Amino acid sequence: MQKPEISQAFYGELRGQEDVYEIKSDEAFLLYVNILAPDIEGSRTDFTVEIIENTYERYTRLEWWSFVWESFYKPFGWDDYLKGPEFEGQVLEGTYLIKVSNPDNQWKYSLAIGKIESFPLREMIDTYKNMPALKMQFFEKPRYSIFRNLVSLWMFIWIIVFVVLVRWGIKIVHHIRHK
């Protein structure tokens, strides 16, 4: 993972073994890590997150049992989460491993890394394409819920702007040709 200060969300599901994420940076950076779970029936909050530094020694460990998980609403996707422990601190350049696990390595989670919000157009399009599967599989919501979020609202606005500009362009070309 590059640019670890830029906010990124990784949606995963443990299936018998821990998940491992790798962060590489050529310079010191502010590392932010937070574990969340979907706030749905049967949700689990017994996740542990280990942050391991360059030398493969534990940097810190976020333990589920030492933290009160709270309900958390994320307005960007209009989704409900259970927010678990988080870490924020300046770290040196190098490679870091982020390990996500729980006692039997089962269940869904979202790992948030980075705090700086950035929404390039390409990422917005990718988010919109992946949203139906995310809503249905991760949050166990019906397919139509894809249209109930800020991403859809922004895409709808951009489509309207595009259509208006195309129609305006066609009218101008038509007007010029008939002069």
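The values are calculated or read from the model by the stated rules, or taken from the named source; none is laboratory data. Predicted model only: the values in this text are computed from it and were never measured. Positions of Cβ are backbone-derived with ideal geometry, glycine not excepted, and every protein chain shown enters the neighbour counts.
Numerical summary
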| item | result |
| --- | --- |
| Matching residues in the range 16-52 - criterion: being within 19 Å of the chain's Cα centre (by Cα) and within 22 Å of Lys135 (Cβ to Cβ) | Asp19, Asn34, Ile35, Leu36, Ala37, Pro38, Asp39, Ile40, Ser43, Arg44, Thr45, Phe47 |
| The range 1-14 residues that are of a type in the set (Gly, Ala, Ser), paired with ones that are surrounded by fewer than 16 Cβ atoms within 10 Å (Cβ to Cβ) and not in a loop (DSSP other than H, G, I, E, B) (beta carbon under 9 Å, 6 or more apart) | Ser7/Ile116 |
| Candidates Trp64, Trp78 - the one that is in contact with a helix residue (DSSP H, G or I) (Cβ under 9 Å, 6 or more places away or on another chain) and not polar (S, T, N, Q) | Trp78 |
| Number of the condition not met by Trp154 [criteria: (1) assigned to a helix (DSSP H, G or I); (2) modelled with pLDDT of 65 or more] | (2) |
| Residue satisfying condition, being at pLDDT 70 or above, surrounded by 13 or more Cβ atoms within 10 Å (Cβ to Cβ) and not assigned by TED's automatic domain parsing to the domain that holds Glu22, within set Lys108, Lys135 | Lys135 |
| Residue match in the range 53-67 (condition: out of contact with any Ser or Thr (no Cβ under 8 Å at 6 or more places or on another chain), surrounded by fewer than 16 Cβ atoms within 10 Å (Cβ to Cβ) and closer than 29 Å to Lys135 by Cβ) | yes |
| Entirely in the range 1-84, the strands (runs of 3 or more DSSP E) that have 1 or more residues that are of a type outside the set (Val, Ile, Thr) and out of contact with any Leu (no Cβ under 9 Å at 6 or more places or on another chain) | 8-15, 19-25, 29-38, 58-62, 70-74 |
| Scan of the range 68-81 for residues that are exposed (fewer than 11 other Cβ atoms within 10 Å of the Cβ) and touching a residue at least 60 places away in the same chain (Cβ under 8 Å), ordered by number | Pro75 |
| Top-ranked residue in the range 37-52 [being touching a residue at least 40 places away in the same chain (Cβ under 8 Å) and hydroxyl-bearing (Ser, Thr, Tyr); ranked as surrounded by the fewest Cβ atoms within 10 Å (Cβ to Cβ)] | Ser43 |
